[in-house]
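Structure first, then comments.
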Amino acid sequence: MAKCEQGYLCEVCGLDVEEITESDLYLRYVIGLVDPETLHTSRERHIVCNPTLAQFIVDEAFPPVVVTGPFDKRTLDPADVRERESLVTRGWRRLRDLAGSEISVLEYPLPEMRARLEQRIL
Ligand SMILES: [Zn+2]
């Protein structure tokens with residue numbers, strides 16, 4: 001991330017969120033859960049500090065996160081879980097691709113989310 005964007009602290013553990021690939025805020029943004037208008041006013045968190053979302057990232061490069069309790073994905077509907085895993089994992093891979101790229105923040109979201117945003121603007 002650019003120098004001026006450093007220094008966002010995780011509201012859960014209080015440590016720096018140094019890389020876009022560890023940012024829960026940007027992950028939720030690319031999968032359409034955070035609006036562009038609220039991106040810069042929302043609190044930052046590490047992906048791993050939000051395990052209920054992080055558990056849906058299924059990638060060899062991402063150490064699996066396990067949730068216990070009511071939001072444990074093993075207790076949820078398998079079809080919903082598969083859909084969620086597909087979306088969140090693609091979102092995380094997108095962050096990995098974005099790291100170090102020069103594209104505009106408005107182009108960060110996944111293609112189908114961008115389409116939805118553009119429709120709403122029109
Ligand atoms: Zn944290």
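The values are calculated or read from the model by the stated rules, or taken from the named source; none is laboratory data. Note that the structure is a prediction, hence the values are computed from the model and not measured. Positions of Cβ are generated from backbone atoms using ideal geometry, with glycine treated the same way; all protein chains shown enter the neighbour counts. Heads up: the accessible areas ignore ligands, DNA and RNA and are worked out on the full protein's heavy atoms, side chains in. Shrake-Rupley method; radii C 1.70, N 1.55, O 1.52, S 1.80 Å.
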With every protein chain in place, what's the accessible area of Arg82 (1.4 Å probe, Å², nearest 10)? 150
What distance in nm separates the simple spin-label points at Leu33 and Leu110, each placed 7 Å from Cα in the Cβ direction? 1.2
What percentage of the solvent-accessible surface of the chain, computed with a 1.4 Å probe over protein heavy atoms, is contributed by carbon and sulfur atoms? 53
How far apart, in nm, are the 7 Å Cα→Cβ label points at Leu117 and Thr52? 2.4
Between the alpha carbon centres of the stretch 1-71 and the stretch 73-122 the gap in Å comes to 13
Sorted by accessible area with a 1.4 angstrom probe, largest first, how do Glu102, Glu107 fall? Glu102, Glu107
Signed unit charges on C-beta, dipole axis of the chain, positive-most listed residue Cys10, Pro51, Gln119: Gln119
Mean accessible area per residue over the stretch 25-107 (1.4 angstrom probe, all protein chains present, square angstrom) is 58
